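Participant: Sharing a structure, written as structure tokens. Questions coming.
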Amino acid sequence: MATAGAAPEAPLPEAPQPEVLFERRGRLGVVVLNRPRAVNALTEGMAAAMLDQLTEWAEDDAVETVLVRGAGGRGLCAGGDIVAIYRDMLDGGDATARFWRTEYRLNSLISRYPKPYVAFMDGLVLGGGVGISAHGSHRVVTERTRTGMPETTIGFVPDVGGTLLLGTAPGEAGTHAALTGAHLAGADAIHLGLADFFVPADRLEALARALETEPADDAVARLAVVPPLSELEAERGWIDEAYACDDAEQIVRRLRALGGPAAEAARAIEAKSPTSVKATLEALRRARARGPRSTALEETLDEEYRVGVRLLAGRDFREGIRAQVIDKDRDPHWASATLHEVRPEAVEALFAPLGEHELGLADTVRQSLEKERV
């Protein structure tokens, strides 16, 4: 305590808050992503903590439902921490690959979670944020939702299972979303199959309280409303016409010829990394071909890991982050300036097996499923 006439004591620094918080409320286990200044961008530590806690709650009979939400009011999660990824690339480290190995295991667990997994997809839900929400059983969007997979903007490809989610969306809407990297409204997320329910933002707290005592199906159904019209669904005619081929250059020509919003989409695609655009289209088509196989998600995550590791070693991913987030000049200089310059063999090489460095999620899940059958 300070004495009279003495200088006041300096306040003690506040203890740092955990980047992800866990709480039990009645029958509900609550996960709160807690990096509000970074719109809850995901780190390896956060993914590892979620993986451990969700694994524990899966076996805890006192937990009947899990809720995942973001702190700060700006969004659930703006994606992976790409500033950390940029620094890791400059250092030549392996932290990003380790992060993905943990993150993709988390995505797989969420998709197979044995209990209702409710995700509040309110505000920004991009990239890795889609991975911790859209694989869940009860995916809730609001009028404030802005979601999508904008990876082609930064010289990357959709990951966290995003190529499967978008590759199997109705018609070619997922192809359009992936190649343009567009931010989408909540109604669009429902149309794409990334979400299930539309709940007005001012009802989210009531829904969270209801989940403490009610079954998830009942609570969500009681508070959800009919979603507004999806603009993406309304534009499905020209989207399906333009994107219904496996050649990125042909898609851009079709979009230009259609004019209007289609021509705007063409300009958006041409501003992205040409290598990323072609690799993304190939990944979408491969994911679609897997169909409803029991390990389709894990096979997709294995493949996305291969592509991601190779893009880490290339130029465009680093250059895209620099232009968008580090220098913010919005003027990336891609390794290949046009789609025409990206050779098919270069795209194919991104998908080649990694040998002893494979992620191996599909094999792990197959072995687990075989043990369950015995």
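The values are calculated or read from the model by the stated rules, or taken from the named source; none is laboratory data. Just so you know, these numbers come straight off a predicted model, no measurement behind them. Neighbour counts run over all protein chains shown; Cβ positions are idealised from the backbone, glycine included. We work out accessible area using only protein heavy atoms, side chains counted, and drop any ligands, DNA or RNA first. Shrake-Rupley method; radii C 1.70, N 1.55, O 1.52, S 1.80 Å.
Participant: Consider Y305 against the criteria (1) surrounded by fewer than 24 Cβ atoms within 10 Å (Cβ to Cβ); (2) over 17 Å from the mean Cα position of the chain (by Cα): it satisfies all of them except one. Which criterion is unmet?
Facilitator: Just one mismatch for Y305, condition (2).
Participant: Quick one: is R105 basic (K, R) and either without any contact (Cβ under 8 Å) to a residue 60 or more places away in the chain or not in a strand (DSSP E or B) (or both)? Reasoning before the result, please.
Facilitator: Numbers: basic (K, R): yes; either without any contact (Cβ under 8 Å) to a residue 60 or more places away in the chain or not in a strand (DSSP E or B) (or both): yes.
Yes: the conditions hold for R105.
Participant: What are the residues in region 236-248 that are assigned to a loop (DSSP other than H, G, I, E, B) and either free of Cβ contacts under 8 Å to residues at least 40 places away in the same chain or farther than 11 Å from E172 by Cα (or both), if any?
Facilitator: Answer for region 236-248, where residues must be assigned to a loop (DSSP other than H, G, I, E, B) and either free of Cβ contacts under 8 Å to residues at least 40 places away in the same chain or farther than 11 Å from E172 by Cα (or both): C245, D246, D247.
Participant: Across region 273-321, which residue is modelled with the lowest pLDDT among those that are within 19 Å of L109 (Cβ to Cβ) and charged (D, E, K, R)?
Facilitator: Here the answer is R293.
Participant: Ok, one more. Please work out which residue is farthest from L204 (Cα to Cα), limiting yourself to region 59-101 and to residues that are among the β-branched types (V, I, T) and open to solvent by 20 Å² or more (accessible area, probe 1.4 Å).
Facilitator: Only one residue fits best here, namely V83.
Participant: Report, ordered by the first and then the second residue, all pairs with beta carbons closer than 6 Å, sequence separation of six or more or different chains, a first member in region 340-361 that is touching a residue at least 24 places away in the same chain (Cβ under 8 Å) and under 16 Å from E249 (Cβ atoms), and a second member that is not polar (S, T, N, Q) and not in a loop (DSSP other than H, G, I, E, B).
Facilitator: Once the first residue is touching a residue at least 24 places away in the same chain (Cβ under 8 Å) and under 16 Å from E249 (Cβ atoms) and sits in region 340-361, its partners that are not polar (S, T, N, Q) and not in a loop (DSSP other than H, G, I, E, B) give V342/P274; V342/K278; V347/K278; V347/A279; V347/E282.
Participant: Further, regarding this structure: Can you tell which of D91, D61 is over 30 Å from D218 (Cα atoms) and without any contact (Cβ under 8 Å) to a residue 12 or more places away in the chain?
Facilitator: Result of the check over D91, D61: D91.
Participant: Something else about it: So, of the residues in region 27-54 that are out of contact with any helix residue (DSSP H, G or I) (no Cβ under 7 Å at 6 or more places or on another chain) and in a helix (DSSP H, G or I), which turns out to be most open to solvent (accessible area, probe 1.4 Å)?
Facilitator: So the residue we want is R37.
Participant: Quick one: how many residues across region 284-301 are touching a residue at least 40 places away in the same chain (Cβ under 8 Å), open to solvent by 10 Å² or more (accessible area, probe 1.4 Å) and assigned to a helix (DSSP H, G or I)? Before the answer, list the steps.
Facilitator: So in region 284-301, the residues touching a residue at least 40 places away in the same chain (Cβ under 8 Å) come out as 284-288, 290, 294-301.
Add one more test, that the residue is open to solvent by 10 Å² or more (accessible area, probe 1.4 Å), and what stays is 285-286, 288, 290, 294, 297, 299.
If we keep only those that are assigned to a helix (DSSP H, G or I) as well, we get 285-286, 288, 290, 297, 299.
Qualifying residue count, region 284-301: 6.
Participant: If the Cβ limit is 8 Å and pairs must be 6+ apart or interchain, which residue in region 216-229 that is among the aliphatic types (A, V, I, L, M) pairs with which residue that is open to solvent by 30 Å² or more (accessible area, probe 1.4 Å) and in a helix (DSSP H, G or I)?
Facilitator: L223/R203; L223/A206
Participant: Since V347 meets every condition but one in (1) β-branched (V, I, T); (2) closer than 17 Å to T163 by Cβ; (3) within 18 Å of the chain's Cα centre (by Cα), which condition does it not meet?
Facilitator: Checking V347 against (1) β-branched (V, I, T); (2) closer than 17 Å to T163 by Cβ; (3) within 18 Å of the chain's Cα centre (by Cα), the one that fails is (3).
Participant: May I pose another question? For region 319-340, check the following and say yes or no: at least one residue is out of contact with any Asp or Glu (no Cβ under 7 Å at 6 or more places or on another chain) and more than 18 Å from K272 (Cα to Cα).
Facilitator: No.
Participant: Return only the number of the condition from (1) in contact with a helix residue (DSSP H, G or I) (Cβ under 6 Å, 6 or more places away or on another chain); (2) loosely packed, with under 14 Cβ neighbours inside 10 Å; (3) not basic (K, R) that E23 does not satisfy.
Facilitator: (1)
Participant: Hey, can you tell me all the residues within region 123-164 that are open to solvent by 20 Å² or more (accessible area, probe 1.4 Å), touching a helix residue (DSSP H, G or I) at 6+ places or on another chain (Cβ under 7 Å) and within 18 Å of G80 (Cα to Cα)?
Facilitator: Residues satisfying the conditions are H135, T153, I154.
Participant: Kindly indicate the residue of region 336-374 that is among the small types (G, A, S) and assigned to a helix (DSSP H, G or I) and also surrounded by the fewest Cβ atoms within 10 Å (Cβ to Cβ) among those meeting that condition.
Facilitator: G355
Participant: Quickly run through region 249-280 and pick out the residues that are open to solvent by less than 10 Å² (accessible area, probe 1.4 Å) and either assigned to a helix (DSSP H, G or I) or not polar (S, T, N, Q) (or both). Lay out the reasoning, then the answer.
Facilitator: Narrowing region 249-280 to residues open to solvent by less than 10 Å² (accessible area, probe 1.4 Å): 251-252, 255, 262, 265-266, 269, 273-274, 276-277, 279-280.
Scanning region 249-280 gives I251, V252, L255, A262, A265, A266, I269, P274, S276, V277, A279, T280.
Participant: Consider A119 carefully, then state whether it is over 26 Å from D240 (Cα atoms) and surrounded by 24 or more Cβ atoms within 10 Å (Cβ to Cβ). Steps first, please.
Facilitator: Details: over 26 Å from D240 (Cα atoms): yes; surrounded by 24 or more Cβ atoms within 10 Å (Cβ to Cβ): yes.
In short, yes.
Participant: Could you please let me know if E233 is assigned to a helix (DSSP H, G or I), closer than 30 Å to L281 by Cβ, open to solvent by 50 Å² or more (accessible area, probe 1.4 Å) and touching a residue at least 60 places away in the same chain (Cβ under 8 Å)?
Facilitator: For E233, the condition - assigned to a helix (DSSP H, G or I), closer than 30 Å to L281 by Cβ, open to solvent by 50 Å² or more (accessible area, probe 1.4 Å) and touching a residue at least 60 places away in the same chain (Cβ under 8 Å) - is met.
Participant: Counting just the residues of region 308-328 that are of a type in the set (A, V, I, L, M) and over 19 Å from the mean Cα position of the chain (by Cα), which one comes out least open to solvent (accessible area, probe 1.4 Å)?
Facilitator: Step one: of region 308-328, the residues of a type in the set (A, V, I, L, M) are 309, 311-313, 321, 323, 325-326.
With over 19 Å from the mean Cα position of the chain (by Cα) added as a condition, the list becomes 313, 323, 326.
Details: A313: 91, A323: 0, I326: 66 Å².
Applying the filter and picking the extreme gives A323.
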